[in-house]
1. I'm trying to understand the selection: among the residues of segment 94-143, which are of a type in the set (Gly, Ala, Ser) and surrounded by 19 or more Cβ atoms within 10 Å (Cβ to Cβ)?
2. Looking for something in contact with a Cys (Cβ under 6 Å, 6 or more places away or on another chain), farther than 16 Å from Pro177 by Cβ and of a type outside the set (D, E, K, R) - is there at least one such residue anywhere in segment 226-240?
3. Among Ala251, Ala228, Ala211, Ala204, which is small (Gly, Ala, Ser), open to solvent by 60 Å² or more (accessible area, probe 1.4 Å) and in a helix (DSSP H, G or I)?
4. Here are Val213, Val196: which of them is over 20 Å from the mean Cα position of the chain (by Cα) and of a type in the set (A, V, I, L, M, F, W, C)?
5. Cβ contacts < 7 Å: first residue outside any loop (DSSP other than H, G, I, E, B), restricted to segment 274-290; second residue of a type in the set (Lys, Arg), any location; separation 6+ or different chain. Result?
6. So the check is Cβ under 6 Å with 6+ separation or different chains; which pairs have a first residue in segment 199-223 that's in contact (Cβ under 8 Å) with a residue 60 or more places away in the chain and a second one that's small (Gly, Ala, Ser) and surrounded by 15 or more Cβ atoms within 10 Å (Cβ to Cβ)?
7. Please identify the pairs in which a residue from segment 113-139 that is within 20 Å of Gly86 (Cα to Cα) has its Cβ atom under 9 Å from the Cβ atom of a residue that is aromatic (Phe, Trp, Tyr) and exposed (fewer than 15 other Cβ atoms within 10 Å of the Cβ), counting only partners at least 6 apart or on another chain.
8. Within segment 163-179, how many residues turn out to be part of a helix (DSSP H, G or I), more than 18 Å from Thr245 (Cα to Cα) and open to solvent by 50 Å² or more (accessible area, probe 1.4 Å)?
Amino acid sequence: MSPMRCAPPAPTTLSKHSTNWRRCSPHEKVHVMREDLSRDLLPLRDEAVDPIALARRDLRKNLPKRFYSTASTRAEDGLFALLLDGKPALTPQRKRLDVARPDIADLIAAEWNRQEEYIDPATMPLTRLVNSALDGVAATMADVRAEIVKYAGSDLLCYRAGEPDALAQAQSAAWDPILAIVRQKLGVRFNLAEGVMFVMQDPAALAAVEAEVASITDPLRLAALSVATTLTGSALIALTLRHGTRSAEQAWAAAHVDEDFQIRAWGEDAEAKARRERRWQDFHAATLCL
């Protein structure tokens, strides 16, 4: 087994790709383990914020060992904090890992309690989402909002197949009701196109989406909306989730009409199925926070 490696003491600075590290002394190993966990679960200080990328970054690294016995929650200052062995859990930027809703806090604690000998961030979608919200999205709210509006400008639901008829009908059955909800809730219509030719949207439609997204002031909810948008390719699907007019399962099915049509025609690839299941876990976690 190769020896554990430590970052050099301050003020030396190395890039995250550097291998010019020194050997650890025994008393440093727990500190390094926890820093490795932080790198697995949260963005680097100067790293661009992308909730999806943050949620999946570096999962191939060696998993850190579990360093706590019990995860729990506690109400403090109107929020609900995650506790590890009774002590508040912190993000790398020294923020308390807490949320506004007790049910979300309990689900996060359950993720930590389900860990066994090693901590696997891939099995902790809520923890990853909350960490991204606290240390990433909270500082870049305007950029995240703008990216969601950008998705609405070329939304999945606006691009329809001309053929085969079965696919076109499946798209209409899944997507037209969502567009009807958008018209009802936002008071705007979105233009549709056949094929992949870009269709310009009415500025009023995008302004309505922008106003809707601007009303979200909670970083966790905004991060959740961003994740739902990027995983489905549709800001409009994500907004129907926010309004509670579609279940997570209905929204997920609507986002995969094309893929499911191909599966029915040609069968399903095992690797693609596993990848879709991982994406579903991230998506479901996001829907819980909307």
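The values are calculated or read from the model by the stated rules, or taken from the named source; none is laboratory data. All of these numbers come straight from a predicted model, not from anything done at the bench. When we count neighbours, we look across all protein chains shown, and the Cβ atoms used for this are built from the backbone with ideal geometry, even at glycine. Ligands, DNA and RNA are stripped out before the accessible areas are found, and what is left, the full protein with its side chains, is counted by its heavy atoms. Shrake-Rupley method; radii C 1.70, N 1.55, O 1.52, S 1.80 Å.
1. At the first step, the residues of segment 94-143 found to be of a type in the set (Gly, Ala, Ser) are 100, 105, 109-110, 122, 132-133, 136, 138-139, 142.
Once the filter is applied, which keeps residues that are of a type in the set (Gly, Ala, Ser) and surrounded by 19 or more Cβ atoms within 10 Å (Cβ to Cβ), segment 94-143 yields Ala105, Ala109, Ser132, Ala133, Gly136.
2. So in segment 226-240, the residues in contact with a Cys (Cβ under 6 Å, 6 or more places away or on another chain) come out as none.
There is no residue in segment 226-240 that is in contact with a Cys (Cβ under 6 Å, 6 or more places away or on another chain), farther than 16 Å from Pro177 by Cβ and of a type outside the set (D, E, K, R).
3. Numbers: Ala251 fails: open to solvent by 60 Å² or more (accessible area, probe 1.4 Å); Ala228 fails: open to solvent by 60 Å² or more (accessible area, probe 1.4 Å); Ala204 fails: open to solvent by 60 Å² or more (accessible area, probe 1.4 Å).
The unique qualifying residue is Ala211.
4. Val196
5. Close Cβ pairs satisfying both conditions: Cys289/Arg221.
6. So the pair list comes out as Val209/Ala152; Pro219/Ala133; Pro219/Ala138; Leu220/Ala133; Ala223/Ser132; Ala223/Ala133.
7. Ile119/Phe67
8. Final tally of qualifying residues: 3.
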